[in-house]
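These notes are about the structure you will find just below.
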Amino acid sequence: IYRAPKELANGKAQDDKADVFNYASLIYTVLTGLWVHSGFEESQVRKDLLDGVKPFYDKRWAFKSLGEAALLRVIDEGWNFDPEHRPTMFEIIDILEEALAKQIDFEARGITGDKWRQHLSLLTSSGGNEAQEQPED
């Protein structure tokens with residue numbers, strides 16, 4: 001089921017915020033290679049979504065790379081049950097562009113291996129607008 005909870009409840013397509021929920025589910029599948037609700041009966045998935053239960057995802061994905069951290073942030077924020085608290089598609093693009101810019105900057109400054117991991121919390125935390133520390137050289 002790649003449908004937002006409000007879509008399931010109303011039985012019809014909603015708006016672009018529902019698309020964000022669905023996009024987050026699609027990103028999950030691309031990131032993990034698994035269906036979001038793999039192994040669960042559709043009736044249980046429907047009940048969980050309507051009851052406000054988010055699908056499980058392993059937060060350790062955030063520590064694999066800057067790109068995967070950004071994708072996990074998109075999943076986490078996109079699966080918000082309140083549509084008003086989901087990012088817009090333009091905000092998702094900003095999240096992904098920010099991760100790409102950080103990756104390029106880190107590589108240009110020679111920050112590789114485990115050094116960049118200390119900065120991932122900035123990418124994986126909601127909001128992303130707070131002041132960001134510069135990585136140590």
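Here are the numbers for the structure shown:
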| quantity | calculated |
| --- | --- |
| Label point at D48 placed 7 Å out along Cα→Cβ; residues across region 73-102 whose backbone nitrogen lies under 16 Å | 76, 79-81 |
| Inter-part distance where region 79-108 and region 30-59 are each reduced to a Cα centre, Å | 22 Å |
| With DNA, RNA and ligands ignored, accessible area of D51 (1.4 Å probe; Å², nearest 10) | 100 Å² |
| Fully extended contour minus Cα-Cα distance, from T32 to D58, at 0.36 nm per residue | 8.4 nm |
| Spin-label proximity, Q103 to region 44-83 - amide N less than 13 Å from point 7 Å beyond Cα toward beta carbon | 64-72 |
| Virtual spin-label span in nm between E41 and D82, 7 Å along Cα→Cβ | 3.3 nm |
| Residue order for Y23, Y28 - accessible surface, 1.4 angstrom probe, largest first | Y23, Y28 |
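The values are calculated or read from the model by the stated rules, or taken from the named source; none is laboratory data. If you're wondering where the values come from, they're calculated on a predicted model, not measured in any experiment. So basically every Cβ, Gly included, is an ideal-geometry build from the backbone, and we count neighbours across all protein chains shown. SASA here: full protein model, heavy atoms, side chains in, ligands and nucleic acids out. Shrake-Rupley method; radii C 1.70, N 1.55, O 1.52, S 1.80 Å.
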